[in-house]
């Protein structure tokens, strides 16, 4: 059976039917697919049945993402790791609360963000309100009619070189740390973790318009960092 | 009102760089999108700018976890077992 088909079957099975299904039968049905290939939803079902392996696979699957997201809120990898552990404990405690209204990933990330925010509150550097109002490009680079007076130089082609691309990706990673945290969390979720804008809004509990503004500011700043870096070379 | 609309018909570069995310997110009205595309056809600088932003997004997506701490699998298994014990027998 395809993993997808199995998961679809899971979603379709009415609650009453599931209650009647014996524990052993449920286990058999859920273990058709090896854990590391099983979709999230199936792993969650297994976890509800007390399957440790399902837990390990889920933890591994989201480890890097969760640490990266946690790092948006708290200083240092050690604290980020604590937040991730706290999150998993909260996930285990809240297993029965998951209703499948969002994806498992969105649900996990939302718990994580709430934990990380609480933990990070103390350390969080204060954010100037103007941060999100800053223009994408320095006004001085346009003439009074709004046309470029200092247009962007051409460097995109240089990124075809693997080494250059790696170096610049490293530069972006560092620059991410300097983004205002609200921009950083949106850029992390959208452009590193690959969430959709709907998912990001649901994880961060912000509006779509707000999400877009933060994404715009964050991406614009990162572009500027690259431009400066290429200009220096 | 009318005059404002006429003035808005053509975008200038400074507006384009602020609309670029709405453009990529497909959030522009059809009229604004047309204005945006029209501006690009005549403006190599803004075309360049858009390409740079796309390149930035692609590059951000390449960030990996090179500087993350080593796996915490053992701790997580301990966490799980501890939790399960506290749960007693599960259904």
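Observations on the model:
- Highest-first arrangement of A:159-169, A:62-72, where packing means the average Cβ count within 10 Å: A:62-72, A:159-169
- If R0 is 25 Å, the Cβ-Cβ spacing of residue B:58 and residue B:37 corresponds to a FRET efficiency of close to 0.70.
- Chain A: angle of helix A:77-93 to the longest principal axis, Cα-based, in degrees nearest 10: 30 degrees
- Computed lengthening from residue A:158 to residue A:82, 0.36 nm per intervening residue step minus Cα-Cα distance: 23.4 nm
- Label positions at residue A:121 and residue B:85, each projected 7 Å from the Cα along the C-beta direction, are separated by 3.2 nm.
- Acute angle (nearest 10 degrees) that the helix A:52-70 long axis makes with the longest principal axis of chain A, alpha-carbon atoms: 20 degrees
- Nearest 10 degrees, 0 to 90: helix A:208-232 Cα axis against chain A principal axis: 50 degrees
- Mean per-residue shielding of peptide A:96-109 is 0, counting Cβ atoms of other chains within 10 Å of each Cβ.
- Relative contact order %, chain A, counting alpha carbon pairs below 8 Å whose residues are six or more apart: 18 percent
- Each of the peptides B:28-34, A:133-139 was scored by the mean count of other Cβ atoms within 10 Å over its residues; in descending order, highest first, they stand as A:133-139, B:28-34.
- For peptide B:74-86, the mean count of partner chain Cβ atoms within 10 Å of a residue's Cβ comes to 4.
- The mean number of partner chain beta-carbon atoms within 10 angstrom of a residue's beta-carbon across peptide B:9-21 is 5.
- Relative contact order of the stretch A:129-232: 35 percent, from C-alpha pairs under 8 Å at least 6 residues apart in sequence.
- Segment residue A:140-residue A:99, length gained on full extension (0.36 nm per residue, minus Cα span): 9.6 nm
Each reported figure results from applying straightforward, stated rules to the coordinates on display, with no laboratory input. Everything numeric here is computed off the predicted structure, so don't read it as measured data. With ideal geometry, Cβ positions are generated from the backbone for all residues, glycine too; neighbour counts draw on all protein chains shown.
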